[in-house]
Amino acid sequence: MISINNLAIMGLGGQEMIFIFLALLLLFGAKKIPELARGLGKGIREFKDATKDVRENIEDGLKESDPTK
């Protein structure tokens, strides 16, 4: 989840965040924003799971091909 501190580091101030929030509210409506956030969260979770699986497969492959073990 993106925190307020991360947004401040990216150069977004309070006024910019309010403007972005209002633009999203106007574009999608109050009922769609939670659905979009859930979908984004699921997508990020799936991406993390996939990268974890790839990392484990690479580590397993390196363990199998290491002749010293």
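Values computed for the structure shown
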read-out: Residues being within 21 Å of I44 (Cα to Cα), at pLDDT 85 or above and not aliphatic (A, V, I, L, M) - total across the range 1-27; value: 1
read-out: Residue within the range 46-55 that is open to solvent by less than 80 Å² (accessible area, probe 1.4 Å) and in contact with a Leu (Cβ under 8 Å, 6 or more places away or on another chain) present; value: no
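The values are calculated or read from the model by the stated rules, or taken from the named source; none is laboratory data. Computed from a predicted model, the values in this text were never measured in an experiment. Positions of Cβ are generated from backbone atoms using ideal geometry, with glycine treated the same way; all protein chains shown enter the neighbour counts. Ligands, DNA and RNA are excluded from the accessible area calculation, which covers all protein heavy atoms including side chains. Shrake-Rupley method; radii C 1.70, N 1.55, O 1.52, S 1.80 Å.
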